[in-house]
Amino acid sequence: MPNTYGLSRRTILEMGAAAGAIALTSDITRAHAQSAAPRIEQMAPELDKILSTTEPIQTLATGFGGGGNTEGPVWWKEGGFLLFSSIGDNQVIKYTPGKGTSVYREKTNGANGHTRDMQGRLVHCEGLTRRVTREEPDGSFTVIANSYQGKRINKPNDVVVKSDGSIYFTDPWNIPDLPQPWDLDFNGVYRVSPDLGTINLLTNSLFLPNGLAL
């Protein structure tokens, strides 16, 4: 290839070496950042009331998600174990300190977020069946929400229960992994009354509402 820029072969080689050094330095910096120990980043002073930023972050388990994410952690204090969703595997995983992980449930209907209600029952956001459900003590499931104003909700993501028993959940819609068209053309955050008789849309102005906390 002809040199049309008036540069000597030596200069071109030096430029190539410099570019290679920059790329190598970038790779080393990236590898160092990835291998650095995770830490808690404080965004507000109120965090001091909850925990110390010097607390270590520990990896409990790896290899889950099945091509998707792990989501919906919930602590089961009576049994001393943690539950979380391995979404792509369509499983709920149980982690017990000192014992590791095991499969808590198969065929979860794409369960994402979880929480427990005031009676200790497990509440699920089922993405594939487009509903929020509650697991009863006898193993049956009660549908908490699957529609709003006669239209199916889209794909519930996360859920939390307030101390009065009311249930709040997020329902983002423009996620392309379900083939059917969405019935509702907005992202919603909803409240379901404790008796499950009323569902209210709290806001439809958020972009992809995700996690919830009270």
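What number in nm² do you get for region 65-112 if you take the convex hull of its Cα atoms and divide its surface by four?
Working: hull surface 12.1 nm².
Taking a quarter of the hull surface, the average projection is 3.0 nm².
Ranked highest first by average number of other Cβ atoms within 10 Å, how do 36-47, 150-161, 194-205, 131-142 line up?
Put in order of decreasing packing, that is 150-161, 131-142, 194-205, 36-47.
Could you give me the ³J(HN,Hα) list for region 96-108, computed from phi with Karplus coefficients 6.51, -1.76, 1.60 and θ = phi - 60°, whole Hz, x at Gly and Pro?
For region 96-108, the Karplus-derived couplings read 10, x, x, 10, x, 10, 8, 7, 7, 8, 9, 6, 8 Hz, x marking Gly and Pro.
Place the peptides 143-149, 79-85, 124-130 in order of packing, highest mean first, counting for every residue the other Cβ atoms within 10 Å and averaging per peptide.
By packing density, highest mean first, the sequence is 124-130, 79-85, 143-149.
Whole-Hz Karplus ³J(HN,Hα) for region 186-201, in order, using 6.51 cos²θ - 1.76 cosθ + 1.60 and θ = phi - 60°, x for Gly and Pro?
So the J values, rounded to whole Hz, are 8, 8, x, 10, 10, 10, 10, 5, x, 8, 6, x, 9, 10, 10, 7.
Could you report region 33-122's accessible area per residue, 1.4 Å probe, as an integer in Å²?
With the other protein chains kept in place, region 33-122 gives 66 Å² per residue.
Using a simple spin-label model with points 7 Å from Cα along the Cα→Cβ vector, what separation in nm is obtained for ARG105 and THR198?
2.9 nm
Return the sequence-ordered ³J(HN,Hα) values of region 113-122 in whole Hz as given by the Karplus equation 6.51 cos²θ - 1.76 cosθ + 1.60 applied to θ = phi - 60°, using x for Gly and Pro.
Ordered by residue, 3J(HN,Hα) equals x, 9, 7, 10, 8, 5, 9, x, 7, 7 Hz.
Compute the accessible area per residue over region 136-214, keeping the other protein chains in place, probe 1.4 Å, unit Å².
The answer is 55 Å² per residue.
I'm checking a number: the convex hull volume of the Cα atoms of region 53-175, normalised per residue, in Å³. What is it?
Measuring per residue, one finds 145 Å³ for the Cα hull of region 53-175.
Roughly speaking, to the nearest percent, how much of region 24-170's 1.4 Å accessible area is carbon and sulfur?
About 50 percent, which is the carbon plus sulfur part of the accessible surface.
The values are calculated or read from the model by the stated rules, or taken from the named source; none is laboratory data. These numbers were taken from a predicted model, which means no experiment stands behind them. Note that each Cβ is placed from the backbone with ideal geometry, even for glycine, and that neighbours are counted across all protein chains shown. Areas reflect the complete protein model, heavy atoms only, side chains present, ligands, DNA and RNA absent. Shrake-Rupley method; radii C 1.70, N 1.55, O 1.52, S 1.80 Å.
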